[in-house]
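Here's the structure, in structure tokens; my notes come after.
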Amino acid sequence: MVLEPEGGATPSHALARVSIQGTARALDRDDPGYGMAHNAYAARFPDMAGLFQLGDFRLFAIEPQAVRVVLGFAQAASLEPATLAAALV
């Protein structure tokens, strides 16, 4: 689940959020998608680059099976995984 940041006057149950159910798989360093995932993670969390030096730090890819979007109180919809993918491009 990814949730709009809390704070301000909006009640927690009215915050925008997306829930993704899917199958997770570990990305090995020789996986074709590893480089892209590594770069995305490092760009989003530059202070965490040292994690990649740890022997037990792993990246995972999630293949979405179901997506549920809530844009606020009483504003919800289910999306096809392809619709989510198109929105993230």
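The values are calculated or read from the model by the stated rules, or taken from the named source; none is laboratory data. Note that the structure is predicted; figures quoted are calculated from it, not measured. Every residue, glycine among them, receives a Cβ derived from its backbone with ideal geometry; neighbour counts consider all protein chains shown. What goes into the accessible areas is simple: the full protein's heavy atoms, side chains included, and nothing from ligands, DNA or RNA. Shrake-Rupley method; radii C 1.70, N 1.55, O 1.52, S 1.80 Å.
Listing for the model above:
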read-out: Scan of region 12-24 for residues that are touching a Phe, Trp or Tyr at 6+ places or on another chain (Cβ under 8 Å) and open to solvent by less than 80 Å² (accessible area, probe 1.4 Å), ordered by number; value: A14, A24
read-out: Hits in region 3-36 - residues which are farther than 14 Å from A61 by Cβ, touching a residue at least 24 places away in the same chain (Cβ under 8 Å) and in a strand (DSSP E or B); value: R17, V18, S19, Q21
read-out: Among the residues listed as L3, L27, the single one being closer than 22 Å to Q65 by Cβ, in contact with a helix residue (DSSP H, G or I) (Cβ under 7 Å, 6 or more places away or on another chain), open to solvent by less than 80 Å² (accessible area, probe 1.4 Å) and not small (G, A, S); value: L27
read-out: Subset of region 37-87 (residues that are open to solvent by less than 100 Å² (accessible area, probe 1.4 Å), closer than 30 Å to P11 by Cβ, part of a helix (DSSP H, G or I) and free of Cβ contacts under 8 Å to residues at least 12 places away in the same chain); value: A87
